[in-house]
1. For B:Asp72 paired with B:Glu549, estimate the spin-label separation in nm (one decimal), with each label point 7 Å from Cα along the Cα-to-Cβ line.
2. Cβ neighbours within 10 Å, averaged per peptide: list B:500-509, C:6-15, B:308-317 in order, most packed at the top.
3. Mind giving me the FRET efficiency for C:Ile19 and B:Asn91? R0 is 35 Å, r the Cβ-Cβ distance, nearest 0.05 is fine.
4. Mind giving me the FRET efficiency for C:Met1 and B:Glu374? R0 is 56 Å, r the Cβ-Cβ distance, nearest 0.05 is fine.
5. Determine Rg/Rh for the protein assembly as shown; Rg is computed over alpha-carbon atoms and Rh is the Kirkwood hydrodynamic estimate from the same atoms.
6. Give me the extension gain from B:Glu366 to B:Gln309: residue separation times 0.36 nm, minus the current Cα-Cα distance, reported in nm with one decimal.
7. Take C:Gln110 and B:Leu570, extend 7 Å from each Cα along the Cα→Cβ direction, and tell me the distance between the two endpoints in nm.
8. Suppose the chain between B:Ala592 and B:Ser656 were pulled fully straight at 0.36 nm per residue; how much longer would it get relative to their current alpha carbon spacing?
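Just so it is clear, none of the values below were taken in a lab; they were calculated from the coordinates. This is a predicted model, so every value here is computed, not measured. Ideal geometry is used to build each Cβ from the backbone, glycine not excepted, and the neighbour counts take in all protein chains shown.
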Amino acid sequence: MTQNATLFENGAVDVLTFDLDGEVFAIEATLVQEVVDRAPETAVPGAPAFIDAVINFRGRIIPLADLRLAFSLNARNSSLDSRIIVIAHEIDGEATLIGLRADKVYEVTTLDEAATEAPPRIGLRWRQDFVHCLAKRDEDIIVVPDLAAIFAARGQPRAGAAITPLTSH
Amino acid sequence: MSSTDPVEIFRVEAQELLEQIEQGLLDLSHNPGDKELVAAVFRALHTLKGSGAMFGFDALAGFTHHCETAFDRVRKGEVKATPDLVSAVLNAMDHMRALAEGRPCDAAVGDALLVELEHVVAAAGGAQTPAPAAAATPAQPARDPGLTTWRVVFTLAQDVLINGTRPLPMLDELRGLGPCQIRALIDAIPPLEALTPTNCHLGWEVVLTTDQPRSAIEDVFMFVIDDMTLEITEVKDSAADAVVEAAPPVASAAQPVADAEPHPDPAAAAGGDAKAARADASVRVPAQRLDELMDRVGELVIAQSRLKQIAGASQDMNLRSVAEEIEHLASELRDSMMSVRMVPVAQLFSRFRRLIHDLARDTGKEIDLITEGETTELDKTVIERLADPLIHLIRNSADHGLETPEERLAAGKPTKGRIILAARQAGAEVVITVKDDGRGVNRDRVRAKAEENGLLAPGAAIGDAELLQMIFQPGFSTAAKVTNLSGRGVGMDVVKRTIEGLRGSLELSSPAGEGSQVALRIPLTLAIIDGLLVRVGTARYVIPLSAVEECLELTPEQDARSTGRSVLTLRDQLVPFMRLRSMFDTKGPPDAYQKIVVVSTGGDRVGLVVDQILGDHQTVIKPLSVFHSEVGAFSGATILGDGGVALILDVGHMTSEAAQTSPAPLRAAS
Amino acid sequence: MPSILTVDDSASIRQTIKIALSSEGYSVSEAVDGADGVAKADAGAYDLIVTDLNMPIMDGLTMIRELRKKPAHAGTPILFLTTESDADMKAQAKAAGATGWLTKPFDPDQLVKIVNKVLAR
């Protein structure tokens, strides 16, 4: 299950929305295996900071990724709301389980394609290829990340800051 | 889930049979007089033909039939097993394989092969007999309109009951044809003293009215027809409902009862005691079931380690002793599972004999394949994955390594090139080498190719070992022309990746004048190993016990003395050591008395400094995702008794890191 | 429910026989060669045995003879699989004590019919 241009079938897609340092992100609901509470983490020395730990998920050892690093967001201390979203992401043709840190998990909701737009070429404070699209809902902007691109780049945000921050809520 | 479809099962069987036939033929080409081999090849061909016909592989059955007939004649001594005959059938193997796999086949190819076979058989001493057609299907009995009444009188051979024949079902079957009146004939029953209860002394007279033809009545007795008396007469008058007339005494055209004594049967003698061909007392198990079983054992081991932890903290002596017993049993179960999956590499090596035969033919070179250590065992799944890399390496040697007979002669070598395939166990690894006595690796050509492909800056200095490693880089090929044999896109880089995928390593060496050798090192067990659990800071790691030589204490004096240096003296030997705390960038103060775990792999040793040695741990290896296996320092991870995770150190990586003077803390690739 | 033992070194043939006879309501067990056949027959109680003749370890003829030596199997119907053309084999098998035969390649319906006939169902 990879994210690609056919994200929106029939003009809409179900997503799980969650919070990273105050920003709202959304990923395809079909990718999500489970949402678990914080779990004991084991650091992997030498791994990229973006994905530098593993957890025991139902007897399987899966990597733990921090999208906040990919988007240069602050890593908040874990709170009661912190969760780990376990997704199945295809790498080299094989479905790999990966845990994503989340500061808070909101809900499963539907995004209409009509309400989305491609990320702007300038003015975006993040790597453009990391963002699949932006969606507007009420006053919020929801970021739909391009997980494939992020994992392929091992979460490295481009060196150097972008020009202006994007206005969100 | 294993297939329950007989056709699918047959496909697998057909491949095995073809393999057996091929091996038998190859052996036969060395020992043409060996009757056992001839019988074995015949049996396999016979089975292949019979089963092939059963499951709709008519082309295969038809073709195999001719080979079977040829071998039957050899078996009977009518025709000799000449090398040409063996070759002819060997040449037909690929065609039969294609037929068995259901691949599209050129009938002309098949016909040509059969013509060759015919000629060879004729030359070997027998005029070709036309092959009889496959079994005819039983003819359908014609429906006889109208009813006929028959009188059926029969007696069976005395010993039929011993042979499991039951007269009563026969009578039932007659009843099934139509209304009957049955009378038993008791005249032949001897007095009690002479009565053998297991003999059949009865006869029967049955008057049957049926619309079925006479053949239907005869069919009832199909199995015993040769040894009985049977009289079927049509009753013309309308006696259908009449009382059965007193039957005239049975006219016994009694045939002599078949002698129950078996005549000497050569097949029995051959089949029974003498070397039982290739079959051992074994059970065929789908590999997937072995994998599942392996997973169960792995889970059992994890659960057992949790039990161990709980028991260790408990004061209950009973609990502790049971936990210990379960640990022992789990360990034995694990060992048994390991050995179940272990198969001798001979299985793999035997496939290559045919390959060499074909390579020699295709390249016009003379090649001898020598195998060593065929009884060395490897996990079954590993063996499967080694097949392609080894084929590629062998092809490489034959194609690029070995010279033509003329070149060899000019170089003062024997005309026959040698490829040596050897397997041996070295500690926790199996080492498989492919060595040839050919021209070795041409360094200049490798260099030129590396520069051409941008892998090396022109003129840059590079060590010999590193230059050879270039061969394993993707996109590299030194073949002046990509030949049919080894240039199929399966490059050395794929070989390397496959071996590394098995957590193994490979090494190419080519000393001047000694041809070239590729050594593959594969760890013995993929799934569960004995591990040494250690603590570095707050994190726990596992070191494969098979690599551990010894554990020592790092005294504070040694610790102080060795800051800035990374070698210590161990019984008069210098052993490099690495502080894992530094390597893993561990926070916090170290333990007062640290420990050194001396590990070795392939002759290299290094001491790993840890905070604490926690003890033995049966380690179920769980794979790491690609993100973490890239790190190199860890070959996997495991789940501990308390649910926590411990990373498994890759000892090979550690020892090669130690080769550098001062290992820096592990840095993520930026 | 009558039980049947099929003895054949070919898994595909065993499977074919098993499927055909099970669907007729018989309970079918398998043995992979003559020796295995004798062992299983001794350990179980079968109403009928169907066997191939061409098997490793112990062939069908030998197995039939072995079975017939034992009182327990003296009266058990034994069918063997044979190729049509082999009259010699058939004679030997009958002499060894076989009850009946089935020619290869066989149609599973044929098999069922003959088994039913021999077992009188």
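1. 6.7
2. Details: B:500-509: 17.2, C:6-15: 24.4, B:308-317: 12.8.
Ranked by mean Cβ neighbours within 10 Å, highest first: C:6-15, B:500-509, B:308-317.
3. My answer for the efficiency is 0.45.
4. 0.70
5. 1.08
6. Numbers: separation 57, 0.36 × 57 = 20.52 nm, distance 6.25 nm.
Gain on stretching B:Glu366 to B:Gln309: 14.3 nm.
7. With each label point 7 Å from Cα toward Cβ, the separation is 7.3 nm.
8. Contour length minus the Cα-Cα distance gives 20.2 nm.
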